Amino acid sequence: MALGAERLVKSLSVLKMIVLFLYLVMAQFKFQSLEVWQLSIVLTDKLLDIADRLSVDKKYRFAEQLNGAALSISNNIAEGSGSVSNKEFAHYLNIAHRSTFENANILVVLERRKYISDIELNDYLEDLDKLARKLTNFRKYLLK
């Protein structure tokens, strides 16, 4: 029994080392390490979930608008991170920032049409506001 347990421990240790190695050597784009992108991608997932619900309810136009606006935030952060200058990156962050407002407006309309609750609206607006502020601060930092 002890020999079997010892092999299992060794196997797990080897597996852990392999996972760590893969984590260290996996390609990672610059944007993936940015807090604003990390926040935006979590928010994008939540907004896409709403869009999926709208599609199920055959509210396709709302779903399309929300899909595009939600993806615009993280897409512009990602695209801008590949810029050759801070000024250019700041431009993309500005577009991402404006997209937070577009998402906020779509969500207000969805709440007014009773497709989302007022509690959901408030939660999403808080997340969007937090992200918008971080985008503004990051943009200011880049333009110093």
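Go through Lys87, Lys134 for me and flag whichever is touching a residue at least 60 places away in the same chain (Cβ under 8 Å) and open to solvent by 30 Å² or more (accessible area, probe 1.4 Å). Give the derivation first.
Details: Lys87 fails: touching a residue at least 60 places away in the same chain (Cβ under 8 Å).
Step by step, each of Lys87, Lys134 is checked, and only Lys134 is touching a residue at least 60 places away in the same chain (Cβ under 8 Å) and open to solvent by 30 Å² or more (accessible area, probe 1.4 Å).
Being open to solvent by 60 Å² or more (accessible area, probe 1.4 Å) and on the phi > 0 side of the Ramachandran plot is a property that Lys140 lacks. Taking the listed residues Ile106, Ile116, Ile77, Ile50, the one that is outside any helix (DSSP H, G or I), in contact (Cβ under 8 Å) with a residue 24 or more places away in the chain and either open to solvent by less than 20 Å² (accessible area, probe 1.4 Å) or not aliphatic (A, V, I, L, M) (or both) is Ile116, with no other qualifying. Screening Ala63, Ala70, Ala51 for residues that are under 18 Å from Arg113 (Cβ atoms) and within 10 Å of the chain's Cα centre (by Cα) leaves exactly one candidate, Ala70. Considering the stretch 34-62, the residues that are polar (S, T, N, Q) and modelled with pLDDT of 95 or more include one that is nearest to Val108 (Cα to Cα), namely Thr44. Residues that are within 13 Å of Ser99 (Cα to Cα) and either open to solvent by less than 10 Å² (accessible area, probe 1.4 Å) or without any contact (Cβ under 8 Å) to a residue 12 or more places away in the chain (or both) within the stretch 53-74 comprise Leu66, Gly68, Ala69, Ala70, Ile73, Ser74, listed in sequence order.
Within the stretch 122-129, is there a residue that is of a type outside the set (S, T, N, Q), open to solvent by less than 20 Å² (accessible area, probe 1.4 Å) and out of contact with any Phe, Trp or Tyr (no Cβ under 6 Å at 6 or more places or on another chain)? The answer is yes, given that some residue of the stretch 122-129 is of a type outside the set (S, T, N, Q), open to solvent by less than 20 Å² (accessible area, probe 1.4 Å) and out of contact with any Phe, Trp or Tyr (no Cβ under 6 Å at 6 or more places or on another chain).
The values are calculated or read from the model by the stated rules, or taken from the named source; none is laboratory data. Bear in mind that the values here come from a model prediction, so they are computed numbers and not experimental data. With ideal geometry, Cβ positions are generated from the backbone for all residues, glycine too; neighbour counts draw on all protein chains shown. Accessible surface areas use protein heavy atoms only, side chains included; no ligands, DNA or RNA. Shrake-Rupley method; radii C 1.70, N 1.55, O 1.52, S 1.80 Å.
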